[in-house]
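A.B. asks: I'd like to ask some things about the structure below.
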Amino acid sequence: MPWRSTLSRNLRARSPPLPGELAATGSTPVAPRLDIDLDKIHHNACVLRQRLTQRGIAMTAVVKVTLGCPEIAATLLSAGVTTLADARIENIETLRRAGIAAPMTLIRSPMLSQVDRVVRHANTSLNTELDVIAALSRAARKAQLCHRIVLMVELGDLREGVLPADVPQILHRLLNLPNIEFAGIGTNLACRSGVVPDPHNMAELSALADLVDRELRRAGRPACALGSGGNSANLHWALRQADTGRINDLRVGEALMLGCDPMDRTPIGGLHTDAFTLIAEVIESGIKPSLPQGTIAQNAVGNTVVVKDRGPVQQAILAIGRQDTEPGDLQPPPGVRMLGASSDHLIVESDAPLQVGERVAFIPGYSALLRSMTSPFVSKRLQAQA
């Protein structure tokens, strides 16, 4: 496909292998593993970017779930994405070592202990604390760099953000810091409390952008350039709202990678929902009772299991567990149902017997994918058409 040559040009150097990654093309497929379809990620990025562009909104691609995988980053850039974002400076550093030169944003508030690394490798960071911004200023001055700041505002979800009433005071203080460029304001919803992005809170962010502009004009500064409205949860609002106001950027991750709406995990029309597939191997299979025997206490993860006696069932154990993924966030194939999991075992029931050594494919949700990408025991296999 034409974009593959662009990917090769963008990816100037390869990073160290992902944890558990197959050593080379043609190696014997191992399990557990994640199969990663770059073509489907490329398609999702193209579709979402085009839809948002029609609404006057840019898409910042959040790649934190990919653990700094340069091939995925290069795929997104080939799809027309211009800015990448991650919550960990370590992942951004991995991408830089791999030769990814695109603008990058750190979307978790920087730690004071990492400000030197942040200004060297991230062009922009989302911030709420003046002490941190001042430390970024000192680090940027020392490095002879300019670091861009997006001031995050609290609009109801009660995660990060300054209170709206405090915006003017904080703005004037950060404008006086050397080597700091004020890029704009942003907010984050639907993460901690599940607050839905809607016309009301998005209009409030637009009104704050207008307020910031008035303050900037008084200070003789350029207008607020960025209105970062939120994450994948904003797509429903952004693609249907008649007027998106001052919102001109969204930080999109889950919808991009998994093709679903984080508000209810329903598929988004026109997107692939299976760009990532988690493969696990059967290590035991047979008929077992459905009802545990003996006195019941808490299980290995602190839960008390309550089940109904359904008689004997076709049970299988797969060699993957909570150390590798989030079992409750896995979609099993037809005819297979989840029964339980411990740190190293996933127990399923199936309509037909599963054979020892057989591979079972699951579609991970965001939490399951995040944990599987992080696990050194899960191999990663990148796939794309030539």
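Just so you know, all these numbers are worked out from the coordinates, no wet-lab data involved. These numbers come from a predicted model, not from an experiment. Note that we place each Cβ from the backbone using ideal geometry, even for glycine, and neighbour counts take in every protein chain shown.
A.B. asks: On average over all directions, what projected area in square nanometres does segment 41-143 have, based on the convex hull of its Cα atoms?
C.D. replies: Working: hull surface 27.2 nm².
One quarter of the hull surface, i.e. the mean projection, equals 6.8 nm².
A.B. asks: For the chain, how many pairs of lysine residues have a Cα-Cα distance under 22 Å, where the two are 8 or more positions apart or belong to different chains?
C.D. replies: Lysine pairs meeting the criterion: 4.
A.B. asks: Roughly speaking, what is the centre-to-centre gap between segment 269-309 and segment 199-266 when only Cα atoms are used, to the nearest Å?
C.D. replies: If we compute the Cα centre of each part, the gap is 40 Å.
A.B. asks: If you consider only alpha-carbon coordinates, what radius of gyration and Dmax does segment 38-264 have, in Å?
C.D. replies: Just the Cα atoms of segment 38-264 yield Rg and Dmax of 16.7, 49 Å.
A.B. asks: Now a separate question. In vacuum, with every alpha carbon of segment 276-383 counted as one equal point scatterer, what does the Debye formula give for log10 I(q)/I(0) at q = 0.19, 0.24 Å⁻¹? Two decimals, please.
C.D. replies: So the normalised log intensities work out to -1.01, -1.43.
A.B. asks: Show that you can apply the helix-only estimate: for the chain, add -39,500 (n - 2.57) for every DSSP H stretch of four or more residues, divide by all residues, and state [θ] at 222 nm to the nearest 500.
C.D. replies: Calculated mean residue ellipticity at 222 nm is -8500 deg cm²/dmol.
A.B. asks: Considering only the other residues whose Cβ falls under 13 Å of the Cβ of PRO289, what net charge follows from Lys and Arg at +1 and Asp and Glu at -1?
C.D. replies: +1
A.B. asks: Then there is this: Give me the net charge of SER125's neighbourhood, meaning all other residues with Cβ under 10 Å from the Cβ of SER125; Lys, Arg count +1, Asp, Glu -1.
C.D. replies: So the surrounding residues net to +2.
A.B. asks: Still on this structure, I have one more. Would you pull out the residues with amide H under 5 Å of GLY245's amide H, same chain only if 5 or more places away, H placed 1.01 Å from N?
C.D. replies: Placed amide hydrogens put nothing under 5 Å from GLY245.
A.B. asks: Starting from the 7 Å offset along Cα-to-Cβ, what nm value, one decimal, do you get for the label separation of THR82 and ALA361?
C.D. replies: Rounded to a tenth, the inter-label distance reads 3.7 nm.
A.B. asks: What ranking, highest mean first, results for peptides 124-130, 189-195 when packing means the other Cβ atoms within 10 Å averaged over each residue?
C.D. replies: The peptides rank, most packed first, as 124-130, 189-195.
A.B. asks: Still on this structure, please answer the following. Please say if the chain is rounded, prolate or oblate, where rounded means a/c under 1.5 for a ≥ b ≥ c the square roots of the C-alpha gyration tensor eigenvalues, and otherwise the choice is prolate for a/b larger than b/c and oblate otherwise? Intermediate values should be presented prior to the final figure.
C.D. replies: Details: a/c = 2.08, a/b = 1.74, b/c = 1.20.
The shape class here is prolate.
A.B. asks: Let me ask something else. Pick out which of PRO29, PRO70, PRO334 has the largest mean-square fluctuation in a Gaussian network model of the chain, springs linking Cα atoms closer than 10 Å.
C.D. replies: Looking only at PRO29, PRO70, PRO334, the largest GNM fluctuation is found for PRO334.
A.B. asks: Once phi is turned into ³J(HN,Hα) by the Karplus curve 6.51 cos²θ - 1.76 cosθ + 1.60 with θ = phi - 60°, what whole-Hz value does each residue of segment 310-327 show in order, with x for glycine and proline?
C.D. replies: 3J(HN,Hα) across segment 310-327, in whole Hz: 10, x, x, 10, 7, 10, 9, 10, 10, 7, 7, x, 5, 5, 10, 6, 9, x.
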